[in-house]
Amino acid sequence: MAQILETILTSLLQPDNAVIQQATAQLKEAFKDPQIIPALFDILRGSQELQIRQFAAVLLRRRLNKHWKAIQPEQQHNLKIIVLESIQREPEHKVRYALAQLIAVILKNERLEHWPEFIKFVLQLSHSDVPDQKQVGILVLWCSLHLKASLFQPHVHDLLGLFKQTLSDLHNGPLIYYTVQSLTCILPYIVGNETNLLRPFIPKILAAIRQLIQVNQVQACEAMEFFDVLMEDEVPVIVHYIADTVHFCLEIAVNLGLSDELRVKALSCIMCLIKLKSKSIIKQKLLSQILNSLFPIMCAEPPAGEMDKEDQEDEDDDIEDSVETPKEYAMQVIDMLALHLPPEKLFKELSPLMEPCLLSSNPYQRKAGLMCLAVLSEGCSDFICDKHLQPMLSLVCQSLSDDNQVVRNAAFYALGQFSEHLQPDITNYSDTVLPLLLEYFSRVDPSNTAHLTKVFYALGNFVENLDGKIEPYLPTLMERILTFLRTSDSNRVKELSVSCLGSIANGANELLLPYFPSVMECLKVHLVQTAEEGRPVQIQCLDTLGILVRTLGKDTFLPLAEDCCLLGLGLCDRIDDPDLRQCAYSLFAALSEVMKDSISTHLEKMTTLMVLSLKSKEGVVLHYNENRTFLLFDDEADEEDTEIEDAEEDEDDPDIEGYTIVNSYVDEKECACLALGDMAYNASSSFFPYLDSCFQEVFKHIEDIHENVRRSAYSALGKFVLSMNLVCQKNPSEANTAAQFCLLSHVMPSYLQGALKDKEAAVVMEILEALNEVLKEMKGQCMADAKQLGDICMVIKAVLQSKTACQDCEAEDEDDEQQAELACRLIENAGEGIPLLATAVGGSTFAPYFGEFLPLLLNKTKSSCTSAEKSFAGGILAESSEALGPAVVQFVPRIFPALLSLARDQHEEVRRNAIFGLGVLAENGGPAMHQHYPKLLSLLSSVFCSEQKRQVLDNVCGAVSRMVLAHAEGVPIEQVLPVMIRSLPLKDDLEENSAVFKCIVFIYERAPQQVIAQLKDLTRTFAHVLGTKEIKPDTEETIIHLLRNMAQRFPQDLHAALLTLPEEASAKLKAVIGSV
């Protein structure tokens, strides 16, 4: 049979389709013969043709992967002997590799304990004096580890000893490559004290990869995966060699003689180190070296006659999937530095390199400087807004008129990034920036769509958050955008225009209403079109329609809501496109906000679509090794004989080396989660029948490999909980309460586990935000018992102490407490849960837990802390003092001095939070605060005299009011009241109106003449606030009651005061007083 089979295999390798088809049919028949396995082994040992032997090994492996257990034990024993003998004799690498994979499959089925000859074989060959034999031994070991590394976990110590020896043979390139790959496979199974054994390997690995670079850059690049896996599982191991690793990676990155793939891999390794061990980067003084290596890469000019990818005039639809260059990756390293290093430290080292670039005569250096500014804006947003926004924005705006389009491209990108990340501060420059953008927009060549895309990017991002500031420019904007839509022949220009319409809608809100008919007319044309080439415009129109629904709301869209639902569902039925579905899902979520429970008739179809998207495996692209060229054995599935399979290993395919997922399918899952959460909350009762099935599918995605999907899944889980809470409120029953309890029993532990274990800060921030929303809405109902309260506090404390998986837990230097802004934001999200917990369970219950948080909060009020940290600490102390109520008394001696110090801070927001906190402390601190009144009044008096910021003055009014309400005897009301009333009405912190007017009523009831003496100023304030949203309904009732009481008791004084008011204001108050 072997001879016949070899003839068939030879035919399969012929360049003739007819011959191949005939041979394929013959091979299928041959596989029905029980002698197929011995025959393939005979070919493996006897054929003279390399490809035939390789083919036989691959077919055997794929056959034995599923049928090994069907073979008789005696034959199994013989096959194990044959395969080890064959690989030892085989001279060709490709056949060796196929044989090594075959051995790995047999071992996976047999296990080590049933094949002791395997270990003896590997050890014998790997200790051989013959280099070629050493290679075979470690190759076999690598393939077995790659397929099933867990089999070797009991032997980790012995393997590490073996690898230490083989890594020393630096002149044997294949050997050190196989060794590094083997070590990479076993890394996840090195646990406990064994991790210490890895440290001596770092310098050996660096030396091995340095040697590999000289002989095989592709293998060197693959070998560097070792550092990715090491940093994923055992970050502390690398700390001792972080400087050596960074220097090694920089050495590769700056070497223009090496491949782009290898240089990018080195830069990627540096990015991981920055993300995971940023404090070590600072402590070991590596920042300067990194930046000095990056800038020549970023400033490099492309080869003559070429342009950088982002500057090419023809837009590439596949640009997302193209290989990244060292220049692009160097910029990402700067981005990572901005996200994970303290801004002050980064700018100190970066500015001397960046500023000369911005002023250079070389356009590529100017581009590098602008791109650097752009990527700094996300991670250093607070620092830039506080200290550098005006000069940085000025530079970018000047560059919009640069002679070189490469520079202008970078300037538009930078402006778009500024607009996205430097909110709301950048909107203060709208009168400078928008005229520049509109002027450029009026003369840009629409045929150059690549450049036009960058102009639209900047314009869209800038207008998106302008609110009322967009009004003067709205007519010009709409005229130009609608003209583009109506007259352009380019689908790309139309797509960009529709996207910009969505951005304008976000910025304009109800100001867009006069243009709504024209906008809908344009959208309808493209929403109903059927041509394939118009699909991108159609998808963008669907996205913009969803934005319009959200921004213009119920009054505008309720009459159109039913048609919009049918439109979105119809498009999803007709068109199989992940981009279209994600836009449709966003539209459905927006419509649920408008329709509420009336969306019920469409929920079954909508939720079915979204759940299918979450279950879908579409978009997964498998990557196979070289043996996958032999595809014919895949047809084994058509065999008629029964297959014996091990269920848990059914999906193993040794040919699969990895996989990627097309981004649009990832985005579809993200949108599906978010939309399901929104719809559950907006249509709670109607959504209830679908809640369980949607929850089950979304819950699986908190383990998704993509962080954006995990984020959206955690967000949706919170919305599901809040939806169930609304159902319980509307329809209280034992069944609903039980369902709510069941939901919480899954969601709350998953939040706590995710916050501690997820390695992405953005995901943990989403978890904490969702948890805070649940606490805010449900209070104590969301906690099963005191243990869960303790568990939540433990998680918050872990974040505050930087002890979660996504934080760099390396100890801070005592004299250096600066943190990256991302790290601060994560801590802020955690801290916001503290007052929410106090409100949820009550001050007396929460006081012991707050006592544990207090030192951590006070630690962030030191003068050495950043303004953001001090503002955060002051705010949480203030809100917690309010939530604790009378239970805050015991903490007054520690909180009061800290807030008093913060009230004198240079930063406005720090002062505001501190003064609010001092007022709350006076309100709830009881006698413990009375002794501090003189000092507090002195502070507030000085602020009244010197403060320039209206927002701070509002908080002073609120603090004084609370002091009076709590302990009037400690306040010289005759001195304080006139000053306070002259500061009314409040302009910014309108929440303080409740305390202020309550205080005025309180004084009126105790000493009415003191209030009547200020009646002229007071009636002016009453006329201003009554009938507005500046005061709450109960405060309005309080003012009206006060006015009527004054009309009865002091009619002449009130009449005299009304005469001083403008006629309209006087009439308003008279109407209030006279109304019943």
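Miscellaneous remarks
- Qualifying residue in the stretch 18-27 (condition: surrounded by fewer than 14 Cβ atoms within 10 Å (Cβ to Cβ), within 28 Å of Lys69 (Cα to Cα) and of a type outside the set (D, E, K, R)): yes
- Residue that is nearest to Leu139 (Cα to Cα), among those in the stretch 63-99 that are open to solvent by less than 30 Å² (accessible area, probe 1.4 Å) and among the basic types (Lys, Arg): Arg96
- Residue check, Tyr177 in contact (Cβ under 8 Å) with a residue 40 or more places away in the chain, buried (at least 18 other Cβ atoms within 10 Å of the Cβ) and farther than 24 Å from Lys277 by Cβ: yes
- Matching residues, the stretch 148-177, being of a type in the set (Gly, Ala, Ser) and under 19 Å from Asn196 (Cα atoms): Gly161
- Residue in the stretch 692-713 that is open to solvent by less than 60 Å² (accessible area, probe 1.4 Å) and in contact with a Ser or Thr (Cβ under 7 Å, 6 or more places away or on another chain) present: yes
- Evaluation of Leu353 against the conditions (1) open to solvent by less than 50 Å² (accessible area, probe 1.4 Å); (2) at pLDDT 95 or above; (3) under 22 Å from Gln819 (Cα atoms) shows that the sole unmet condition is (3).
- Restricting the stretch 419-440 to residues that are among the hydrophobic types (A, V, I, L, M, F, W, C) and closer than 22 Å to Ser377 by Cβ, the residue that is most open to solvent (accessible area, probe 1.4 Å): Leu436
- Within the stretch 562-571, being crowded, with 20+ Cβ neighbours inside 10 Å and within 16 Å of Ile599 (Cβ to Cβ) holds for Cys564, Cys565, Gly568.
- Annotation: of all residues in the stretch 106-160 being of a type in the set (Val, Ile, Thr) and part of a helix (DSSP H, G or I), the one that is nearest to Asn78 (Cα to Cα) is Ile106.
- Here the stretch 207-230 is the region considered, the condition is being under 23 Å from Asp808 (Cβ atoms) and crowded, with 20+ Cβ neighbours inside 10 Å, and the residue that is modelled with the lowest pLDDT is Leu230.
- Filter result for Ala1013 (within 24 Å of Gln975 (Cβ to Cβ), open to solvent by 30 Å² or more (accessible area, probe 1.4 Å) and either at pLDDT 95 or above or of a type outside the set (Phe, Trp, Tyr) (or both)): yes
- Among the residues making up the stretch 232-263, those that are open to solvent by 10 Å² or more (accessible area, probe 1.4 Å), assigned to a helix (DSSP H, G or I) and over 27 Å from Pro302 (Cβ atoms) are Glu232, Asp233, Val235, Pro236, Val239, Ala243, Asp244, His247.
- Evaluation of Ala784 against (1) at pLDDT below 95; (2) open to solvent by 40 Å² or more (accessible area, probe 1.4 Å); (3) of a type in the set (A, V, I, L, M); (4) part of a helix (DSSP H, G or I) (one fails), failing number: (4)
- Only a single criterion out of (1) open to solvent by less than 50 Å² (accessible area, probe 1.4 Å); (2) touching a residue at least 40 places away in the same chain (Cβ under 8 Å); (3) within 30 Å of the chain's Cα centre (by Cα) is not satisfied by Ile599, namely (3).
- Residue within the stretch 982-1003 that is aromatic (Phe, Trp, Tyr), assigned to a helix (DSSP H, G or I) and either crowded, with 16+ Cβ neighbours inside 10 Å or under 54 Å from the mean Cα position of the chain (by Cα) (or both) present: yes
- Any hit, the stretch 553-571, residues being of a type in the set (Ser, Thr, Tyr), more than 12 Å from Phe588 (Cα to Cα) and part of a helix (DSSP H, G or I): yes
- Scanning the stretch 758-775 for residues that are open to solvent by 60 Å² or more (accessible area, probe 1.4 Å) and either more than 26 Å from Cys824 (Cα to Cα) or at pLDDT 95 or above (or both) turns up Glu769, Glu773.
- Filtering the stretch 497-537 to residues that are closer than 17 Å to Asp563 by Cβ, touching a Ser or Thr at 6+ places or on another chain (Cβ under 9 Å) and either buried (at least 19 other Cβ atoms within 10 Å of the Cβ) or aliphatic (A, V, I, L, M) (or both) leaves Val519, Cys522, Leu523.
- Selection status of Asp573, out of contact with any strand residue (DSSP E or B) (no Cβ under 9 Å at 6 or more places or on another chain) and closer than 20 Å to Gly507 by Cβ: no
- Looking only at the stretch 476-487, residues that are exposed (fewer than 15 other Cβ atoms within 10 Å of the Cβ) and more than 25 Å from Phe418 (Cβ to Cβ) come to 4 in all.
The values are calculated or read from the model by the stated rules, or taken from the named source; none is laboratory data. Not measured: the values here are computed from a predicted model. Every residue, glycine among them, receives a Cβ derived from its backbone with ideal geometry; neighbour counts consider all protein chains shown. Accessible surface is based on the protein model in full, side chains and every heavy atom, while ligands, DNA and RNA are left aside. Shrake-Rupley method; radii C 1.70, N 1.55, O 1.52, S 1.80 Å.
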